[in-house]
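Notes for the one structure printed next.
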Amino acid sequence: MYDNNMTPKERLKIPPQEMPEQDPVERINNVDEVPYGYTEELAMVEASRCLQCKNQPCMKGCPVEIDIPGFIKAIAEGNFRESVRIIKETNILPAISGRVCPQEEQCQRYCVVGKSHKSVEKAVQIGKLERFVADWEMINGEAGPTKIKKPTGKKVAIVGSGPAGLTAAAEVRRAGYGVTVFEALHKPGGVLIYGIPEFRLPKAIVMKEVENLKKMGVEMQYNRVIGKIFSVDELFEKGYDAVFIGTGAGLPNFLNLPGENLNGVYSANEFLTRANLMKAYSFPETDTPIARSTNVAVFGGGNVAMDSARTALRLGAENVYLVYRRSRKEMPARVEEVEHADAEGVQFLLLQNPVSLIGDENGWVKQVECIKMELGEPDDSGRRRPVPIEGSEFRIDIDTCIVAIGNSSNPLIPDTTPDIKINRWGNIIVDEETLKTSKKGVFAGGDIVLGAATVILAMGQGRKAAWAIKEYLETGQW
Ligand SMILES: Cc1cc2nc3c(=O)[nH]c(=O)nc-3n(C[C@H](O)[C@H](O)[C@H](O)COP(=O)(O)OP(=O)(O)OC[C@H]3O[C@@H](n4cnc5c(N)ncnc54)[C@H](O)[C@@H]3O)c2cc1C
Ligand code: SF4
């Protein structure tokens, strides 16, 4: 219970509450979620660490501006339903963001409790509390039906059902517009469903959130590749008054190494899509096979690399090497993911870089040649530039290689709609405030605008675009 008489000093003495999780030895043999989540008691103790700061610094770090002290206070008071209601005013997918948001770089980074302890890890565990209360709602029933304004008679097409598209769809629908989501794949969710693995984000959660949207009256159409079945212009001809493009960054980048075309070399996208979306981990009960590997090299140091490495372990690999050209400190992956990968036995080959892949007589990859690196002066990103150490090449035996060095924007829509302007990386150019593209009636947000970014930034843009769509449809002004 939130005890109003507790002093800030007393609150600061409460340690951060750990979330119970599956044992690493057991969990690499299943795809079940790793952390179990807080119990009601743990959540209430954690919530009572919050100082209820008047100036709400944590909210500054939240791209969707959740009333963080408000929802935490409701948890501390045991009023979980009210807590979810507060979150859902600005975030329709809390069970998802509570699990995958990089809170240590966002809300928790600004938390006064963390700052007092001089450690972001000791900040109020905002993400874990958000996840707790969202899961509580899933078990105990919704916080209340979403209010939909009376029909406007106008309709909006949303292209792509990732977090940007789903958020835009919900917000536009709330305002009384008809909404159709066109999704290229046979399931909704974008990266949430085909990229982020089950053990990090159970797919049932994503499907439940989509069910909520359908209950609000959002129409979902799958296997619809816009740019192939019909163009953006044809969407207008079909009677849509505005279009939101949230097609993400699904085009895998490669290193262009000699041997990258060998059999057994995957992009992380293909590997994770086979494993997650097509459930290759339960082949032959499911239709999609995946090569059973013994020694796997993963190239990269971000979330995608961690997900690939941890998935390879769960598919039975004996050795999974994560080859990264900088040191652990520079890894862009979330700290929690790096720690989980480490605990599960992923072998970090840091300050090392692949230079070529060597194949056998049948065209299958059998070795990777790497070179050792050292850190030089900082580059444009502010991180120290890795420099190869001459003559330090060495080889590792592998049978599978996963390239996880990032993704670029999908070019299909700009290619088929030339009046939508893109920048030199292929990202759609928008007005930052309104997310309007160069084409009248067309808005865009998420990774297709930002490049490969984060779930919450995609949701933030989906929300911003929805406001601008409403204004455009109300006033007719572009
Ligand atoms: C493996 C992996 C792990 C990640 N882990 C994290 C994490 O832990 N935390 C985090 O915050 N972020 C993470 N990210 C990044 C995050 O998932 C993305 O930033 C986010 O999903 C972007 O959302 P989006 O809606 O813009 O696009 P997406 O999620 O990519 O969704 C785009 C959707 O559009 C569909 N589409 C594409 N083209 C068309 C078309 N022509 N017609 C119809 N539909 C189309 C696609 O099929 C897809 O469903 C991860 C990314 C990957 C790949
Ligand atoms: S900054 Fe931290 S302590 Fe202050 S209101 Fe936000 S979560 Fe609570």
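Of the trypsin sites (Lys or Arg not before Pro) in region 281-326, the ones in a loop by DSSP (not H, G, I, E or B) with at most 14 other beta carbons within 10 Å are ARG292. Report summary: the helix-based calculation at 222 nm, which adds -39500 (n - 2.57) for every DSSP H run with n ≥ 4 and divides by the residues of the chain, gives -9000 deg cm²/dmol. Note on region 245-366: with charges restricted to the Cβ of Lys and Arg (+1) and Asp and Glu (-1), its dipole about the Cα centre is near 220 debye. Reducing region 121-152 and region 375-416 to their Cα centroids gives an inter-centroid distance of 38 Å. Lysine pair count for region 383-478 (Cα-Cα distance under 15 Å; residues 8 or more apart in sequence or on different chains): 6. Starting from the Cα of ASP32, move 7 Å in the Cα-to-Cβ direction to define the label point; list residues of region 286-323 whose amide nitrogen is under 19 Å from there. Of the residues in region 286-323, 311, 313-316 have backbone N under 19 Å from the label point off ASP32. The magnitude of the dipole of the chain, with charges of +1 and -1 set on the Cβ of Lys/Arg and Asp/Glu and taken from the Cα centre, is near 1480 debye.
For LYS54, the lysines whose Cα comes closer than 17 Å to its Cα, not counting residues fewer than 8 places off in the same chain, are LYS9, LYS73, LYS115.
Placing unit charges on the Cβ atoms only, positive for Lys and Arg and negative for Asp and Glu, gives region 420-478 a dipole magnitude near 180 debye about its Cα centre.
Protection proxy ranking of 59-70, 224-235, by the mean of other Cβ atoms within 10 Å over each peptide's residues and highest first, is 59-70, 224-235. A straight Cα-to-Cα reach below 25 Å connects LYS203 with the lysines LYS88, LYS128, LYS187, LYS214, LYS215, LYS279, residues fewer than 8 places away in its own chain not being considered.
Where a number appears in this text, it was derived from the coordinates with a stated rule and is not lab data. The structure presented is a predicted model; accordingly, all values stated were derived computationally and were not measured. Backbone-built Cβ (ideal geometry, glycine too); neighbour counts: all protein chains shown.
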